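The values are calculated or read from the model by the stated rules, or taken from the named source; none is laboratory data. Since the structure is predicted, the reported quantities are computational estimates derived from the model, not experimental observations. In this analysis, Cβ positions are derived from the backbone assuming ideal geometry, glycine residues included, and neighbour counts consider all displayed protein chains. Quick note on the areas: whole protein, heavy atoms, side chains included, nothing else; ligands and nucleic acids left out. Shrake-Rupley method; radii C 1.70, N 1.55, O 1.52, S 1.80 Å.
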Amino acid sequence: MNGEPSPTKHIGRRHWVLIETGGNQRYIFGSNRLRHVVGASQLVHEVGTEWVPAAVGRLDDPDATVVMTASGKALLLVGSVDAGRAVIREVSCRALRDAPGLQVTGVVGPPFDAADPAAHEPARRETYELHAEVRAARRDPLLRDRVFPWHRLCRDSGQPADREEPYGKDELVAASAGVLARSDARHRARSRLTEQLTDDLGDVVPANTDVLRQSGWAAVVHADGNGVGGLFRRFLDHVTAIEGTGPVDLATHLRYQRLVSAELETATWNAVRDAIAALREQRAGEELTGRLLPIVVGGDDVTLICDAALAVPFVRAFAEGFARHTAAQPTLSAIARQATARQATGHAGLTASAGIAVIKPHHPFGAAYELAEALTVSAKRFRPAGAFDLHVAHAATLQDLTLLREHTEPAAKCGPQAARYAGPYLLGAVEDLPVELRHRSVELLDEITSWLDRTGWMSTAQAHALREAADRSLAEYRHQVRLTVPRAPDPDRAGTLLDVQPPTLGTDSGRQPPTNGTAAPFLRLFDAMHLHGLRLDTFAPAPSTDRSASKGGIR
């Protein structure tokens, strides 16, 4: 069967089936080699988009239909419990065979009458609740796959080794079955990425997925749509408002579900392409080959690893493209307009926020991703406005964001102090922001960063003098500002931008500030110095193919 029949073709009892991967973060970032990270993401993607539709196609059930597929997730309708269990069984067995270590959980929901417009949504909700219970009751893979003293262990995962894998030019290392499956999947991942990015953009993806070109710093970027989850939580209410009728029947529900999921995926990929094209345009003459590697692009989520110099420009271009492309999708934008929280954005579509974790080569991917995710949560304090937050990791990032940022807020030994970070930064034109939030505009950060350029008015020595004065006290910092700004073309404006900025709690009352539960005054100078230092005046040479450049991580 083709997986796309009308759900009302055979009126009768139906069951929702939900299949979803679990522990994705630990699975994808469980190794510090790029090939394993990319391959793991590919396997998660294939579960929902390839394995489940293939299993449904082999069913002898005329009522079975694929409602929605995404990376690591699929929602189905079947005519019997046995049909649902058959799909779950096939996908689970394939995961054990082709992706050892990947958790796949599936459940068959309670029966409901397909002809009753009021029956399908409670049954769907109950299916999701059942799935959460079943997944929470599963044993952890570390308990299931125990290690004994006589096992030879995989160097990347710590699990029992299956066989050896090439490492570098002429070395073999022990690798578990799960790690080997990820390595095998990396080639399919690169093919899919280059196909999605098209020929003129695909060369930004490294030819060797073990080697990311960078100039000393890399960045893990995590971007997420603002309020997209809320659209689906009240999905039927929005559909009812659009249709202008009573209870939404099953066929209408499925049609909107498919359209919104497909349009969201299309808008996100279009935004990624636009962002890479914008990088090309902004950096004409600079070689971007092999400097950006998408890890996850699905739904409204994007996770990638790139040269740190590309991170902020990518996020800004992606957020602008995401808002524009979601507004251009007819069904998605209609649903979004029904959510009153979106009306304050100034866009007919949705907005996106992002976190940027700037790290050194060989920094643990898992820790960097957790930091990027926490920074995204921090940026979402100002939703529905698009925003981003960043952190440059000069030390280990094993602590949470609150504790990491406490280290950038020195004790008040000589009077009040201000935070050495100014994020989150709000995207868009400063004049389009509410007056009380304009001091958080990224355009103000741009202005200070431009002062540090070769053609700017502030020298490196003056910037460091300001930084050292801030380390001593705010009084000395302000004194140093008064000594410095007379060199500026507009001393009054320079003094205003360099001065301590007032605290801002944020516009989303459901999210707390990331530091001690209260907002703090802050300085923009430190972030400007960081971003100026990450700029690529000259690119590093292309990576060599010798043994040292092939051992994984970020090169």
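Remind me, relative contact order of the stretch 98-247 in percent, using alpha carbon pairs under 8 angstrom and six or more residues apart?
Details: 107 pairs, mean separation 21.5, N = 150.
Over the stretch 98-247, the number comes to 14 percent.
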Point to revise | Degrees separating the helix 250-282 axis from the principal Cα axis of the chain, which is the longest one | key: 30
Review point. What is the magnitude of the charge dipole of the chain about its Cα centre, with +1 placed on the Cβ of each Lys and Arg, -1 on the Cβ of each Asp and Glu, and no other charges, expressed in debye to the nearest 20?
Key: 960
Study note, to complete from the structure: Once phi for every residue in the stretch 479-485 is put through the Karplus expression 6.51 cos²θ - 1.76 cosθ + 1.60 (θ = phi - 60°), the whole-Hz ³J(HN,Hα) values, with Gly and Pro written as x, are 5, 5, 4, 5, 6, 8, 5
**Study point:** Gain on full stretching of the segment that runs from ALA207 to VAL147 - 0.36 nm per residue minus C-alpha separation
**Key:** 18.1 nm
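Accessible area of the chain with a 1.4 Å probe: how many percent of it is carbon plus sulfur? Mind showing how you got there, number by number?
Working: 12250 of 23760 Å².
The nonpolar share, carbon plus sulfur, comes to 52 percent.
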Practice item. With a Förster radius of 22 Å, plug the Cβ-Cβ distance of GLU126 and ARG85 into 1/(1 + (r/R0)^6) and report the FRET value to the nearest 0.05. Key: 0.80
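For a quick protection proxy, order the peptides 90-100, 447-457 by their average other-Cβ count within 10 Å, most packed first.
Values: 90-100: 17.3, 447-457: 15.4.
Ranked by mean Cβ neighbours within 10 Å, highest first: 90-100, 447-457.
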**Study point:** Accessible area, probe 1.4 Å, largest first, for residues LYS169, LYS380
**Key:** LYS169, LYS380
Review point. Karplus couplings for the stretch 297-313 from phi (6.51 cos²θ - 1.76 cosθ + 1.60, θ = phi - 60°), rounded to Hz, Gly and Pro as x?
Key: 9, x, x, 9, 9, 9, 10, 8, 10, 8, 4, 4, 5, 8, 5, 5, x
Review point. Based on the mean of other beta carbon atoms within 10 Å per residue, what is the order of 474-481, 173-180, most packed first?
Key: 173-180, 474-481
Check your understanding: Once amide H atoms are placed 1.01 Å from N in the peptide plane, what residues at a sequence separation of 5 or more from GLN159, or on another chain, have their amide H within under 5 Å of its amide H?
Key -> CYS154
Revision key, fill the gap. A correct Karplus calculation of ³J(HN,Hα) over the stretch 43-50, with 6.51 cos²θ - 1.76 cosθ + 1.60, θ = phi - 60°, whole Hz and x for Gly and Pro, returns 5, 4, 4, 5, 4, x, 8, 10
Exercise for review: Report the dimensions of the chain along its three principal axes from the alpha-carbon atoms, largest first, rounded to Å.
Suggested key: 80, 65, 45
**Study point:** Spatial separation of Cα centroids for the stretch 197-266 and the stretch 27-69, in angstrom
**Key:** 16
